[in-house]
1. At a temperature of 10 °C and a viscosity of 1.306 mPa s, determine how fast the chain diffuses translationally according to Stokes-Einstein, using the Kirkwood radius over alpha-carbon pairs as Rh; express D in µm²/s, rounded to the nearest whole number.
2. With everything on Cα atoms, drop me the angle between helix 44-66 and the longest principal axis of the chain, reported from 0 to 90° to the nearest 10.
3. So what is the relative contact order for the range 3-150, in percent, with contacts set as C-alpha pairs under 8 Å and at least six apart?
4. For the chain, what does -39500 (n - 2.57) per DSSP helix run (n ≥ 4), summed and divided by total residues, give at 222 nm, in deg cm²/dmol to the nearest 500?
5. Any chance you could give the angle, 0 to 90 degrees and rounded to 10, that helix 123-150 forms with the longest Cα principal axis of the chain?
6. Points 7 angstrom from Cα along the Cβ direction at ILE131 and GLU35: gap in nanometres?
7. Charges at C-beta only: +1 for Lys and Arg, -1 for Asp and Glu. How large is the resulting dipole of the range 3-150 about its Cα centre, in Debye rounded to 20?
8. Enter the angle in degrees (range 0 to 90, nearest 10) between the Cα long axis of helix 3-15 and the first principal axis of the Cα atoms of the chain, meaning the one along which they spread out most.
Amino acid sequence: MSKKAGAMVSAILTLVVFVGVPYFLPQYLPPDLSEQLEGAGFDLEGLTTQVMAIGVATAALTLAGGFVDPRSVLSLVIRVLQAGSGLVFMLVLLGAGNIAGMGYTEFQVSVEGVTNLITLDLRVFIQASIIAVALKVVQSILEWREARMEEEPGRISP
């Protein structure tokens, strides 16, 4: 399969998973679960909207990356932006739709006059994601430099 066809298939799969699934997911949730989520202050619609927006951006970057020369600066920018979109997705997902929380979220659930406070502290996963994205950016830069060096005229390969 050519690079362009692979990019198109990958972009379509990204759209299906990150746009199609979140769009239809709320319709298949049981009504009592939806009411409990709303009562807890969880914005499911906001979360799905954010995930869909990230999915569209990631699919566009994937498609653009398939049509760009790997030695160009634009290719490097696209790869760095793809890594960044993965980090933003983790921030949205682990922060339950609250990017500013950086993985720390609180919910209040009231059942039969009793109020429970649920705290999710997933900041360690956000920190691990930041490290992984930083390493991915370094890898992208090194691969880009290597691709540029291979095409220099008169250069003897190591």
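1. Numbers: Rh = 18.2 Å.
Rounded to a whole number, D works out at 87 µm²/s.
2. Result, in degrees: 10.
3. 23 percent
4. Working: 6 runs with 103 residues, N = 158.
It comes out at -22000 deg cm²/dmol, rounded to the nearest 500.
5. Tilt relative to the chain: about 20 degrees.
6. 4.5 nm
7. 1000 debye
8. It works out to around 10 degrees.
FYI, it's all coordinate maths here, none of it is from the lab. No experiment lies behind these values; they were computed from the predicted model shown. We place every Cβ from the backbone using ideal geometry, glycine too, and count neighbours over all the protein chains shown.
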